[in-house]
1. Regarding LYS478, is this residue away from the ligand (no atom under 13 Å from the Cβ) and surrounded by fewer than 14 Cβ atoms within 10 Å (Cβ to Cβ)?
2. If you scan the range 374-398, which residues turn out to be over 29 Å from LYS132 (Cβ atoms) and among the acidic types (Asp, Glu)?
3. Does ILE268 count as closer than 24 Å to ILE156 by Cβ, more than 16 Å from the ligand (Cβ to nearest atom), modelled with pLDDT of 95 or more and of a type in the set (A, V, I, L, M)?
4. Any idea how many residues of the range 201-224 are farther than 20 Å from ILE156 by Cα and within 14 Å of the ligand (Cβ to nearest atom)?
5. Consider GLY260 carefully, then state whether it is among the small types (Gly, Ala, Ser), over 16 Å from ASP92 (Cβ atoms) and under 19 Å from the mean Cα position of the chain (by Cα).
6. Which of the residues that make up the range 249-275 are small (Gly, Ala, Ser) and within 16 Å of CYS442 (Cβ to Cβ)?
7. So which residues in the range 384-433 are without any contact (Cβ under 8 Å) to a residue 24 or more places away in the chain and either of a type in the set (S, T, N, Q) or not assigned by TED's automatic domain parsing to the domain that holds LEU293 (or both), if there are any at all?
8. Between residues in the range 260-284 that are at positive phi and surrounded by 24 or more Cβ atoms within 10 Å (Cβ to Cβ) and residues that are small (Gly, Ala, Ser) and at pLDDT below 95, which pairs lie under 9 Å by C-beta distance while being six or more apart or on different chains?
Amino acid sequence: MDKGLQLEIIGGNRTTRKRTPACILRIHSPGEIKLDITNIFDTPNCPSPISKDDMERIAPKAVEQLEKLKRSEGNCRDKGIPMLGWMNHPLDIKREHLDEIRNAAGSLSDKIDAFVSLGIGGSYLGIEAVFKTLTHTYQNQLPREERSKCGGCPEIYFLGQNLDPDYILDTLDMLRGKRIGVNVISKSGTTTETAVVFRILRNLMEKSFGGDASRLIIATTDEKKGALRKLAGEKGYKTFVVPDNIGGRFSVLSDVGLFGLAVMDIDIGNLISGFTAMKRRIEEKEFWQNPALLHAAARYLAYQRGKKIEVIASNSAAIYQIARWMEQLFPESEGHHGKGMWVSPSMYTEKLHANGQMVQDGERNILETFLLLEKHDNVLNIPIAPDDLDGLNFLPKADKTVNDLNRLAMEGAAYAHYLGGVPNMTITIPERDVFCIGQLICMMEYSVAISGYLLGHNPFIQPGVEAYKKAMFALAGKPGYEEEGEKIKKELDGRERIVV
Ligand code: PA5
């Protein structure tokens, strides 16, 4: 290409705020997550607005649910095991174990060009969310030494979260000719999506790397049982353990997430510190000072008042990834017995030109939660244009940056949507920092646990997820499912099809 046509990013437009290197311990905390629920109350043009008195009335009930959690009580068992390990596990991880995770991650990272995190649901979303929240949008395209400040991490890919042959093969194309390492994560060890892609990858790795393949595969699974545990034993893979008492979607701060995140050069110690700081706030503060209790109570009241959809909107493409994790955490935990809010993660302002119309003016069944990033990594200035044909010179003349506009768009949306009948709340995340993300994870895990108890069911199981698996296995002719397969086929064949 003609060199003259290459885009040069010349100084003046962008001021990069220095990110703290992942491997250096912070000596100060970057700030607390804040929750603002002002716009939850007395929403105009809302058929049934929520008042502060409603909140006062629900407070004792919400507090009671938190107390139950703290006493390890309530409807929290899966196959007899109370699934509350996530509340204390991150704090109980021994320093030696964290060192073992970091050492294993470092030694794998040194050997490879690309790392594949293989899993679905809780064995996938939290890891991807934390990674994408804290790294460059186009991380894999950067030269390795620029990918993190600690010597560079390998390219990062995620697989096993769907059965799309094009997506899988396109990802394999990216891995061609590279030295790769894999972390296969499955608590049950039998999840089809993960197992099928692992079989494909394992096959390719064994053909390419021979006996070395086993040293490049790390399995995270049940301590004793399951197909993956057995395979790992036979092949001699290094393994990490999914704790018995932690469900998938609550597991990012266990071996499930910590190993992969360490390979990605994320400061896992500070992630845990963020969780711990928020846990203290939640377990010690009274109702009106307690972010998880207020968040859970506001959502519960909104649901009771007919808000069946929660739009979780962010002003940051990075933080939007956390909304994607929440899209799993909340519906998988709340969607039981005909109840639960649908969660719609949205990147604003992009979605303000799409579902924004519905939020402002559609059916008044929406609650809106803003995940507001307070300080972006960069400041982006708007240049003065000599002709000012677009009439935007007033912005740089008033020292307004893209950051300011981004912020004002969020404030404008919160104001307009409130007036339009949408109760909303804002969670402010001070910066794209691992300590902040640890706080957010903790707040959401407590909130959804309280919410499940308030709704009157067990938020730690997901029996509904089994139905599609059963039908898929039956249709695929899995041994043991023959009778069910016949039944489904007969039923499907018997239906009059309407196809045009
Ligand atoms: O939250 C959950 O429990 C689920 O989303 C699981 O994590 C998901 O189904 C993956 O299960 P597994 O780790 O057993 O492969």
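The values are calculated or read from the model by the stated rules, or taken from the named source; none is laboratory data. Being a predicted model, the structure only gives us computed values, none of them experimental. Cβ placement follows ideal geometry from the backbone for every residue including glycine, while neighbour counts extend to all protein chains displayed.
1. No; evaluated as a whole, the condition is false for this residue.
2. Selection gives ASP387, ASP388, ASP390.
3. Yes, satisfied.
4. Summing the residues that are farther than 20 Å from ILE156 by Cα and within 14 Å of the ligand (Cβ to nearest atom) in the range 201-224 gives 3.
5. The answer is yes for GLY260.
6. SER251, SER254, GLY257, GLY269, SER273, GLY274
7. Residues satisfying the conditions are ASN393, THR401.
8. ASP265/ALA22; ASP265/SER148; ASP265/GLY151; ASP265/GLY152
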